[in-house]
Amino acid sequence: MKIFVMAGTEDGRKLAEFLSGKGYEVTASVVSDYGRKILEQYDFGVNDKKLDAAELEKFLREGNFKILVDGSHPYALRASTNAIEACSRVNIPYVRFERVESVTGYSGAYHVDSYEKAAELAATLGKNIFLTTGSRNLKIFVDKLKNCNITARILPTAEVIAECENLGLTPKQIIAVQGPFSVDLNVELFKHANAEVIITKNSGTIGGADTKIAAAQILNLPVVIIDRPKILYSNVAATFDEVLNFIICNKPTTLA
């Protein structure tokens with residue numbers, strides 16, 4: 001049975017590998033050169049073209065896929081909504097693999113629902129802002145935090161570093177390193193940058209949210225947490241086994 005896996009995250013890639021190991025014909029989809037290079041080591045199909053809802057619908061029809069597994073990033077709102085729409089049109093099952101959120105009882109944690117609000121709130125809490133939200137929405141913070149000192153922790157790829165430079169960030173403001181990051185390493189990086197405020201997303205343990213929050217708590221720094229977008233998923237699984245069970249239960253009685 002052919003399965004299309006949106007695998008733009010580490011757990012999404014591991015999920016594609018898991019399903020391939022169960023004997024399914026998997027095509028994993030990524031939208032970056034970095035993701036594509038990582039998937040080259042696996043023995044399954046790869047799509048590295050960004051697809052809107054109509055293009056995804058066509059891809060699913062022509063590929064005769066029977067199920068779509070959404071292992072995209074928890075904050076990839078457009079990707080998930082496009083997938084839900086495409087599956088509805090093709091009339092195949094959709095299941096969302098949703099990593100567990102990090103839960104914090106830290107009194108210095110502030111929750112917001114957008115990048116813009118995160119920037120606005122952070123500016124009221126301190127001047128040295130440490131960003132751990134990646135590069136995709138970096139321009140929002142650069143534009144809104146002109147009176148603050150920004151340190152951006154990003155992936156060490158030429159494309160991402162060039163984007164930072166185009167936005168006017170200096171080498172001193174860029175920490176280009178790939179995680180995962182331990183609590184101790186986060187503490188040292190926050191101290192090195194003289195951070196006064198940390199901004200993060202609630203991307204779960206695999207996204208390092210728990211160690212960022214723990215490090216901020218050790219240093220008594222406020223943390224602005226951007227909550228996940230609210231999406232009405234038709235089917236949600238929290239583990240690989242739950243995804244597998246969904247696939248088994250929704251297996252077509254007749255395969256083309």
Just want the answer: with Cβ charges of +1 for Lys and Arg and -1 for Asp and Glu, which residue in ALA195, LEU169, SER182 is farthest toward the dipole's positive end in region 84-235? LEU169
What accessible area, in Å² to the nearest ten, does a 1.4 Å probe give for SER107? 110 Å²
Calculated from DSSP helices alone, with each H run of at least 4 adding -39500 (n - 2.57) and the total divided by the residues of the chain, [θ]222 nm to the nearest 500 comes to -11500 deg cm²/dmol
Run the 1.4 Å probe and let me know the accessible area of LYS251, rounded to the nearest 10 Å². 110 Å²
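In terms of solvent-accessible area of protein heavy atoms at a 1.4 angstrom probe, what is the ranking of ASP210, ASP70, ASP33, highest value first? Mind showing how you got there, number by number?
On the way: ASP210 60, ASP70 0, ASP33 90 Å².
I get ASP33, ASP210, ASP70, largest accessible area first.
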For region 8-124, the convex hull over Cα atoms projects on average to an area in nm² of 9.3 nm²
Subtracting the Cα-Cα distance of LYS127 and ARG89 from 0.36 nm times their residue separation yields 8.8 nm
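Given a 1.4 Å probe and every protein chain left where it sits, what share in percent of the accessible area of the chain is carbon and sulfur? Mind dumping the intermediate values first?
Values: 6430 of 12940 Å².
The nonpolar share, carbon plus sulfur, comes to 50 percent.
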Rounded to the nearest 10 degrees, the helix 53-63 long axis (Cα) sits at an angle to the longest Cα principal axis of the chain of 40 degrees
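Please list, by residue number, every one of the GluC sites (Glu not before Pro) in region 1-72 that is coil in DSSP and has at most 10 other beta-carbon atoms within 10 Å.
GLU40
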Determine the distance separating the Cα centre of region 113-159 from the Cα centre of region 65-81; give it in Å without decimals. 26 Å
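Determine by what factor the alpha-carbon radius of gyration of the chain differs from 2.2 N^0.38 Å, reporting the quotient.
Numbers: Rg = 19.5 Å, N = 256, 2.2 N^0.38 = 18.1 Å.
Dividing the Cα radius of gyration by 2.2 N^0.38 Å gives 1.08.
Tell me the relative contact order for the chain as a rounded percent, counting alpha carbon contacts under 8 Å between residues six or more apart. All intermediate terms of the calculation are to be shown ahead of the outcome.
Values: 442 pairs, mean separation 54.2, N = 256.
Relative contact order for the chain comes out at 21 percent.
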Quick check on my link table: of LYS22/LYS49; LYS144/LYS212; LYS139/LYS251; LYS37/LYS172; LYS117/LYS251; LYS22/LYS212, which ones sit more than 32 Å apart, alpha carbon to alpha carbon? LYS139/LYS251; LYS117/LYS251; LYS22/LYS212
With every protein chain present, what accessible area does ILE140 have (1.4 Å probe, heavy atoms only), rounded to the nearest 10 Å²? 40 Å²
Mean separation of Cα contacts under 8 Å (6+ apart) over length of region 14-92, as relative contact order %: 26 percent
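Take every Cα pair under 8 Å in region 97-229 that's 6+ residues apart, average their separations, divide by the length, and report that relative contact order as a whole percent.
Numbers: 232 pairs, mean separation 49.7, N = 133.
Over region 97-229, the number comes to 37 percent.
Please list LEU51, LEU131 from largest to smallest accessible area, probe radius 1.4 Å, with all protein chains kept in place. All intermediate terms of the calculation are to be shown ahead of the outcome.
Numbers: LEU51 45, LEU131 0 Å².
In descending accessible area the options line up as LEU51, LEU131.
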What order do ARG136, ARG78, ARG89 take when sorted by accessible area (1.4 Å probe), most exposed first? ARG136, ARG78, ARG89
Treating the angle as unsigned and between 0 and 90°, give the value, to the nearest 10°, between the Cα long axis of helix 183-192 and the longest Cα principal axis of the chain. 40 degrees
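The values are calculated or read from the model by the stated rules, or taken from the named source; none is laboratory data. This is a predicted model, so every value here is computed, not measured. Backbone-built Cβ (ideal geometry, glycine too); neighbour counts: all protein chains shown. Just the protein is used for accessible areas: all its heavy atoms, side chains included, with ligands, DNA and RNA removed. Shrake-Rupley method; radii C 1.70, N 1.55, O 1.52, S 1.80 Å.
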